[in-house]
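The values are calculated or read from the model by the stated rules, or taken from the named source; none is laboratory data. Computed from a predicted structure; not experimentally measured. Quick reminder, even Gly has a Cβ in these numbers, built from the backbone with ideal geometry, and neighbours come from all protein chains shown. These area figures cover heavy atoms from the full protein model, side chains too; ligands, DNA and RNA do not enter into them. Shrake-Rupley method; radii C 1.70, N 1.55, O 1.52, S 1.80 Å.
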Amino acid sequence: MTKFLLILLIICNANMNILAQDQIAQNILEKLNETTQSYKNIKIEFELIFENKSQNITDLKKGNLFLENDKFYLTMNNQTIINNGETQWIYLSEINELQIITPEPESNIISPNKIFNVYKEEYKYTYVGDYVKNGERLHTIHLFPRESQEFMKIKMTINDQKNQLKEMIIFDKNGGTYKYVIKLFQPNTTSKEFIFNISDFPDIEVIDLR
């Protein structure tokens, strides 16, 4: 009986520690979301490093992201994606091609305007710990999808003092990692027009999939 009670006590303590870690993660994620929502808009410069060690692949891209409410304007290498909440334009400059689609809010693919609140419904989360780098206290949180999708885990690194996302790594089921490193985070900057002006691109090929 004593041995049974000891095992039960260990299990209860372990569950309590897990719940405590989950609560810490939730508090940090809520602060991150609240801080982000308080901004009029956000300009982000980032690097994307894709790596798949089993296939010996490493690829580096640089990009710029502008967020305002549910809208975003993303440029990365030869691609531009503009989303105004109702229409999404995907422009490929190398072939001068434009695709126009209706965005799907329920899609499992992580959209730039969902980054800061994805934890609310789609993912479970747990607090991993904190550390100090270059004088910044950083929190590490892991998120796991509640339902099966192409991503198996997300690792978020968050600045404690500024309540700002510092880094995000997405792990796919094929052994690949997508590491987003934020180089510049500038809130409350000049607003941008969320529309693609086709008239500015002579001879453009337009594929309307709406």
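Say R0 is 25 Å: what FRET efficiency, to the nearest 0.05, do ILE95 and GLN37 get from their beta-carbon distance?
Taking R0 as 25 Å, the efficiency between ILE95 and GLN37 is 0.10.
Could you work out [θ]222 nm for the chain from helices alone, using -39500 (n - 2.57) per DSSP H run of at least four and dividing by all its residues? Round to the nearest 500 deg cm²/dmol. Each step should come with its number before you reach the end.
Numbers: 1 runs with 36 residues, N = 210.
The helix contribution divided over the chain gives -6500 deg cm²/dmol.
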- Message: At a threshold of 8 angstrom on Cα-Cα distance, excluding pairs fewer than six apart, so keeping six or more, what relative contact order does the range 85-210 reach in percent?
- Response: 23
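Loop only per DSSP, at most 12 neighbouring Cβ atoms within 10 Å: give me the trypsin sites (Lys or Arg not before Pro) in the range 92-200, ordered by residue number.
Values: sites: LYS114, LYS120, LYS124, LYS133, ARG137, ARG146, LYS153, LYS155, LYS162, LYS166, LYS173, LYS179, LYS183, LYS192; in loops: ARG146, LYS162, LYS173, LYS192.
Here the trypsin sites (Lys or Arg not before Pro) that fit, given the DSSP loop and packing criteria, are ARG146, LYS173.
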- Query: Any idea of SER148's accessible area? Nearest 10 Å², probe 1.4 Å.
  - Reply: 100
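For the range 58-210, with all protein chains present and a 1.4 Å probe, just round the carbon and sulfur fraction of the accessible area to a whole percent. Provide the component values of the computation, followed by the final result.
Details: 4040 of 9050 Å².
Percent of accessible area from carbon and sulfur atoms in the range 58-210: 45.
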- Item | Stretch gain in nm, segment LYS124-ASP208, where the contour uses 0.36 nm per residue and the Cα spacing is subtracted | 26.6 nm
- Task: With r as the distance between the Cβ atoms of PHE50 and GLU86 and R0 = 30 Å, compute the FRET efficiency 1/(1 + (r/R0)^6) and round to 0.05.
- Result: 0.50
- Options (i) 81, 38, 32; (ii) 75, 36, 30; (iii) 67, 38, 35 are given for Cα extents along the principal axes in Å, and the computed one is (i)
- Among the lysines, which fall within straight-line cross-link reach of LYS43, defined as a Cα-Cα distance under 21 Å, with same-chain neighbours fewer than 8 residues apart omitted? LYS31, LYS61, LYS62, LYS71, LYS114, LYS162, LYS166, LYS179, LYS183, LYS192
- For labels at ILE195 and VAL181 in the simple 7 Å Cα→Cβ model, what's the distance in nm? 3.9
- Message: Under the 0.36 nm per residue contour assumption, what length would be gained going from the current alpha-carbon distance of LYS153 and ILE57 to full extension?
- Response: 32.6 nm
- Which FRET efficiency, nearest 0.05, do GLN23 and ASN188 yield, Cβ-Cβ r, R0 45 Å? 0.90
- Message: Just to check I understand the Karplus step: with θ = phi - 60° and J = 6.51 cos²θ - 1.76 cosθ + 1.60, what whole-Hz values come out for the range 172-186, glycine and proline as x?
- Response: 8, 7, 9, x, x, 10, 10, 9, 9, 10, 7, 9, 9, 10, 10
- Item | Selection of GluC sites (Glu not before Pro), the range 58-99, meeting DSSP coil and at most 16 other Cβ within 10 Å | GLU86, GLU94
